[in-house]
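The structure appears below as structure tokens.
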């Protein structure tokens, strides 16, 4: 309640990127002051652990942080202390890049949504690897990888390979991101032939590693049924371990925010509440199509434990949060984990 009634109103008076930087500064300050373990005891007591297996990995609970929140692997350890069972860093590209011109992040408060066109702004592979050294191995870390904006699609494979090789020894799983709507023509890499090239090569490289680590594919909610079916075929054919559903959408359907404001924002990927149903429908379709054999991590419109349960019942094993964290605050993971324990207790005893 303190966050919603005191902290959030202050942060929401600021430019979204500025507010994001201040929130990260607060998390870093807690670490510097040596308060990380105290925060963890408050937000992540042992009683709230709910170990879950996904693609051979054991997660402390079902709730994680989606890619895009901690792009540069700056505060993943603090997210772990806040009760999240895993954190996906990135999207990481081989070279540092500034991303798209500002402003590029916008709140649609009455819709509980965000529109972003960040453009894979990050400090690059070398910086991410440096920050991931000596991390706590108990917290599962995923590495979300993409191509540099200036890299042509015909050369994109090289960027994905470079990031894959560079991050592999420092993360627990790797996510291939070809579905972000904010990189020019990136969506074309979702086409069956282009996707095949990337996934088959990453799978080949993995086969040469001493330690097997899962490879996941993050997909767009804007794919039609034929495209989803083709994606599933490529994923299964190349022994990819799971799907993350879904990325942001270019659709503006069903928004309450006045149309003129939405038009003034223009391009960008929409996340938050308006994407919840679309994400859930995609999860259910993939789960049913593969008869539950393809593990799914759910992303999109998760703000409450009821939202999580909806995703799990649709066929997801884990969930990730991005926009929900911004609107609901640092206690969100703890609240959801607590409610999930009650949910499963009532389910198995009732």
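Just a few scattered comments:
- Taking segment 206-228 as the range and being surrounded by 15 or more Cβ atoms within 10 Å (Cβ to Cβ) and part of a helix (DSSP H, G or I) as the test, the residues that pass are 206, 227, 228.
- Filter result for residue 292 (surrounded by fewer than 19 Cβ atoms within 10 Å (Cβ to Cβ), out of contact with any strand residue (DSSP E or B) (no Cβ under 6 Å at 6 or more places or on another chain) and at pLDDT 95 or above): yes
- Across segment 133-169, the number of residues qualifying as touching a strand residue (DSSP E or B) at 6+ places or on another chain (Cβ under 7 Å), within 24 Å of residue 297 (Cα to Cα) and either without any contact (Cβ under 8 Å) to a residue 60 or more places away in the chain or assigned to a loop (DSSP other than H, G, I, E, B) (or both) comes to 8.
- Considering 67, 73, the condition of being over 20 Å from residue 302 (Cα atoms) and either at pLDDT below 95 or part of a loop (DSSP other than H, G, I, E, B) (or both) is satisfied by 73 alone.
- Within segment 299-308, considering residues that are within 18 Å of the chain's Cα centre (by Cα) and over 9 Å from residue 323 (Cβ atoms), the one surrounded by the fewest Cβ atoms within 10 Å (Cβ to Cβ): 304
- Test: residue in segment 44-60 that is touching a helix residue (DSSP H, G or I) at 6+ places or on another chain (Cβ under 8 Å), surrounded by 16 or more Cβ atoms within 10 Å (Cβ to Cβ) and closer than 21 Å to residue 182 by Cα: no
- When segment 286-336 is filtered for residues that are within 20 Å of residue 220 (Cβ to Cβ) and assigned to a loop (DSSP other than H, G, I, E, B), the ones remaining, listed by number, are 290, 294, 295, 300, 301, 302, 315, 316, 322.
- Count of segment 254-268 residues which are within 13 Å of residue 109 (Cβ to Cβ) and either exposed (fewer than 11 other Cβ atoms within 10 Å of the Cβ) or in contact with a helix residue (DSSP H, G or I) (Cβ under 8 Å, 6 or more places away or on another chain) (or both): 3
The values are calculated or read from the model by the stated rules, or taken from the named source; none is laboratory data. Model, not experiment: these values are computed from the prediction. FYI the Cβ positions are ideal-geometry reconstructions off the backbone, even for glycines, and counts take in every protein chain you see.
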